[in-house]
Amino acid sequence: MATNDIKNYLSFKETEFINSNEPEQNAIINFSWRAEALTSLFWAANLIEEMPALNAQFDVYSIKQLAEIIGNPKEFITTITLRPDEDLTAMETELYNQHWRVRDARLFGKEMPEELNPSVVYERRYGLSWIIGYGDDWDSVPTDT
């Protein structure tokens, strides 16, 4: 981590988690789920062609460029090409709508649609909402519906 200055790219909460000798179980679970937000980042950066289904976790380690990104984050940041703004906005809107379906099911005691995993939907929306500029930083992206 020190070799490539990865620590310079971590958010406050990520740094806090990494520096914790004994993180609470809930923090471990939340941190591991946040990796699902990377799916949206990979999609936005054209590292995956289509947004994977919203009912199953995506294997972020299947992205062959991941090792290169971690190995040289500065190069990745300077060479990244995002999808067009209208595509990013359209996908964020789609994720917003699916997030509303999750909330609607929970609020009104409806059966959860089988094509949606609530945690996957939330994390993917979180990542894409951050990309299009919602929130002050990675640790505080609003996901209101």
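The values are calculated or read from the model by the stated rules, or taken from the named source; none is laboratory data. The model shown is predicted, which means the values in this text are computed figures rather than measured ones. Backbone-built Cβ (ideal geometry, glycine too); neighbour counts: all protein chains shown. To get the accessible areas, we keep the full protein, side chains included, count just its heavy atoms, and leave off ligands, DNA and RNA. Shrake-Rupley method; radii C 1.70, N 1.55, O 1.52, S 1.80 Å.
Annotations
- Relative contact order (%) - criterion: Cα under 8 Å, at least six apart; region: region 29-102: 30
- Solvent-accessible area assigned to carbon and sulfur over the chain amounts to 51 percent, based on a 1.4 Å probe.
- Charge dipole (Cα centre; +1 on Lys/Arg Cβ, -1 on Asp/Glu Cβ; no other charges) of region 1-132 amounts to roughly 240 debye.
- Heavy atoms of Phe108: accessible area, 1.4 Å probe, square angstrom to 10: 140
- Of the peptides 67-78, 92-103, the ranking by mean beta-carbon count within 10 Å, highest at the top, reads 92-103, 67-78.
- Bridgeable lysines around Lys13 (alpha carbons under 29 Å apart, same-chain partners fewer than 8 residues away excluded): Lys64, Lys74.
- Ranking Asn46, Pro23, Gly133 by Cα position along the charge dipole of region 1-134, where only Lys, Arg, Asp and Glu carry charges on their C-beta atoms, puts Pro23 farthest toward the positive end.
- Largest-first principal axis extents of the Cα set of region 41-88 (Å): 32, 27, 11
- Amide hydrogen neighbours beyond the local backbone of Asn55, cut-off 5 Å, H modeled: Asn117
- Accessible area per residue for region 1-144 is 64 Å², calculated with a 1.4 Å probe on protein heavy atoms, without ligands, DNA or RNA.
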